[in-house]
1. Out of all the residues in segment 93-125, which are among the hydroxyl-bearing types (Ser, Thr, Tyr), within 12 Å of residue 258 (Cβ to Cβ) and out of contact with any helix residue (DSSP H, G or I) (no Cβ under 9 Å at 6 or more places or on another chain)?
2. Would you mind telling me which numbered condition in (1) closer than 14 Å to residue 241 by Cβ; (2) of a type in the set (A, V, I, L, M); (3) not in a loop (DSSP other than H, G, I, E, B) residue 209 fails?
3. What is the number of the single condition among (1) surrounded by fewer than 21 Cβ atoms within 10 Å (Cβ to Cβ); (2) in contact with a strand residue (DSSP E or B) (Cβ under 6 Å, 6 or more places away or on another chain); (3) over 27 Å from residue 248 (Cα atoms) that residue 61 does not meet?
4. Within segment 222-245, track down each residue that is exposed (fewer than 15 other Cβ atoms within 10 Å of the Cβ) and assigned to a loop (DSSP other than H, G, I, E, B).
5. Which one of these does residue 104 not meet: (1) within 25 Å of residue 119 (Cα to Cα); (2) part of a loop (DSSP other than H, G, I, E, B)?
6. Could you pull out the residue among 32, 27, 76 that is small (Gly, Ala, Ser), surrounded by fewer than 19 Cβ atoms within 10 Å (Cβ to Cβ) and free of Cβ contacts under 8 Å to residues at least 12 places away in the same chain?
7. Only one of these is modelled with pLDDT under 95, outside any strand (DSSP E or B), under 18 Å from the mean Cα position of the chain (by Cα) and farther than 20 Å from residue 11 by Cβ: 183, 195. Name it.
8. Considering every residue within segment 35-51, establish whether at least one is more than 30 Å from residue 219 (Cβ to Cβ), surrounded by fewer than 18 Cβ atoms within 10 Å (Cβ to Cβ) and in contact with a Gly (Cβ under 6 Å, 6 or more places away or on another chain).
Amino acid sequence: MTTVATFDILRAGPRFGAEITGVDLTAPVDEATADALRRAFRDHKVLVFRGQHLTPDQHVAAVRIFAEPFDHPTAAKDDAHPLVYPYNVRQTGKASTWHIGGLWRDPVFAIESLTYEVVPDLGGHTLWADLQAAYDDLSEPFKELLESVSAVYDGNAENYAQGSTKTASGPTVEHPVVLAHPATGRKGLFLSTSAIRLTGVTPAESKALLDHLLRHASSPDYTIRFGWQPGDFVLWDNRATWHYAVDDYGDGARVYRKVIGVEPEAGGVPEARS
């Protein structure tokens with residue numbers, strides 16, 4: 001355990017992830033604490049805050065410590081809180097695939113965050129995998145090959161909504177399969193199961209490479225697992241990790257809220273709440 005500023009950092013796994021204790025996100029956060037939280041987020045990539053029970057406004061304010069809350073053009077919204085996206089899996093369906101958020105846009109979301117209101121009696125965990133650690137373990141010749149490869153994704157935001165019926169194919173967007181993180185410069189794999197194909201290689205090579213990379217990046221060697229309780233708040237680096245919602249709870253209830261963060265348009269670090 002590490003003590004930083006006024007809170008403690010409990011590591012969730014040997015590679016990444018941490019639980020933060022001693023911070024109340026329902027109250028204003030001073031600048032020293034905000035700076036320390038941003039450093040912890042940079043270092044650990046996934047931060048867990050247990051039992052916060054954030055209101056929608058508090059959820060948005062908590063995300064604002066780390067990034068600029070994003071107004072999603074197609075997500076179902078809370079009318080009173082347009083930056084908050086409510087989900088009930090009995091209505092919206094499930095998203096049980098390994099994925100990165102916002103691949104329909106460039107740049108993708110900087111962070112994603114969830115707070116849970118209702119959880120299944122058993123199961124319903126979320127997995128995250130460290131894409132930077134997965135990249136580190138590749139051979140140098142393979143890394144060199146991947147530098148010239150990009151993945152092609154559907155560019156229609158509506159097709160990424162949970163429970164949506166995909167429309168006909170339209171514009172596409174490309175992302176490099178190796179991303180140098182904009183904040184740290186550290187390289188990592190950057191791809192998702194929604195990739196249509198890879199560029200710079202033959203169709204057969206594209207399929208083989210995708211199959212290998214997706215399997216490698218989702219290896220248990222790079223993952224952490226989190227079991228939710230009502231009121232928990234988690235945020236993660238969407239450019240260094242990908243995630244998977246485990247579908248092992250049948251028709252159990254799962255109700256949560258999401259707030260997305262992007263880099264501030266003017267650059268720099270978001271200000272803390274006052």
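The values are calculated or read from the model by the stated rules, or taken from the named source; none is laboratory data. These figures come from a predicted structure and were not determined experimentally. A quick note on method: Cβ atoms are made from the backbone with ideal geometry, for glycine too, and the neighbour counts reach across all protein chains shown.
1. Across segment 93-125, the qualifying residue is only 116.
2. The failed condition is (1).
3. Failed condition: (2).
4. Taking segment 222-245 and keeping what is exposed (fewer than 15 other Cβ atoms within 10 Å of the Cβ), we get 225, 227, 229-230.
Those that are exposed (fewer than 15 other Cβ atoms within 10 Å of the Cβ) and assigned to a loop (DSSP other than H, G, I, E, B): 227, 229, 230.
5. Unmet for residue 104, out of (1) within 25 Å of residue 119 (Cα to Cα); (2) part of a loop (DSSP other than H, G, I, E, B): (1).
6. 27
7. Being modelled with pLDDT under 95, outside any strand (DSSP E or B), under 18 Å from the mean Cα position of the chain (by Cα) and farther than 20 Å from residue 11 by Cβ holds for just one of 183, 195, which is 183.
8. Yes, segment 35-51 contains at least one residue that is more than 30 Å from residue 219 (Cβ to Cβ), surrounded by fewer than 18 Cβ atoms within 10 Å (Cβ to Cβ) and in contact with a Gly (Cβ under 6 Å, 6 or more places away or on another chain).
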